[in-house]
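Q: Before we start, here is the structure in question, set down as structure tokens.
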């Protein structure tokens, strides 16, 4: 093997290819219960999602069971005993905080994109087609595992009505 080939091989091993395309944005269409993964302006994946139990309208306060609307960022992730994998959104943003302050409300927090519960009493199929979260965005666990690999921390998330 030539020196150039050895050098190129060592370079490839040192910097493995990315797991997939670079993701520009996650777009959630609440009314359609759809989450889209966008790369270079093109939708590369689309998933069916469940929302908060009160899906219409923007989240106003803690406990209102609404999913927020607006611009957010995935700021950290965790493996959750209760909901498989979770991507945390930086809700509340400044606009949410200002609105809640003006109303005298607690805006709430801990809005995540996550999988379905791991629960023997309620299998995953039980949640299909239901809006069941407290304001989060939920996917089937297989879809969540795929999303987890595609979307890095720092990815912008837009949630539309």
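Only the coordinates and a few stated rules stand behind these numbers; no lab work does. Here the structure is a predicted model, which means the values were calculated and not measured. Note: ideal-geometry Cβ built from the backbone for every residue, glycine included; neighbour counts use all protein chains shown.
Q: Which number comes out as Rg/Rh for the chain once both Rg and the Kirkwood Rh are worked out on C-alpha atoms? All intermediate terms of the calculation are to be shown ahead of the outcome.
A: Numbers: Rg = 18.6 Å, Rh = 17.0 Å.
Over the Cα atoms of the chain, Rg/Rh equals 1.09.
Q: For helix 94-103, what angle does its Cα long axis make with the longest principal axis of the chain, in degrees from 0 to 90 and rounded to 10?
A: So the helix axis and the longest Cα principal axis differ by about 10 degrees.
Q: With a 10 Å Cβ neighbour count serving as the proxy for reagent exposure, in which order, fewest first, do 77, 103 appear?
A: Details: 77 17, 103 11.
Lowest to highest Cβ neighbour count: 103, 77.
Q: What distance in nm lies between label points placed 7 Å from Cα along the C-beta direction at residue 160 and residue 58?
A: Here the modelled spin labels are 1.6 nm apart.
Q: What angle do you read, to the nearest 10 degrees and between 0 and 90, between the alpha-carbon axis of helix 141-150 and the longest principal axis of the chain?
A: Between helix and principal axis, roughly 60 degrees.
Q: Going by how many other beta carbons lie within 10 Å of each one, how would you line up 25, 59, 140, fewest first? Please list the in-between numbers first.
A: Numbers: 25 15, 59 25, 140 19.
Going from sparsest to densest Cβ surroundings: 25, 140, 59.
Q: How high is the relative contact order of the chain? Use alpha-carbon pairs under 8 Å, at least six apart in sequence, and give a whole percent.
A: Working: 328 pairs, mean separation 48.5, N = 161.
The value is 30 percent.
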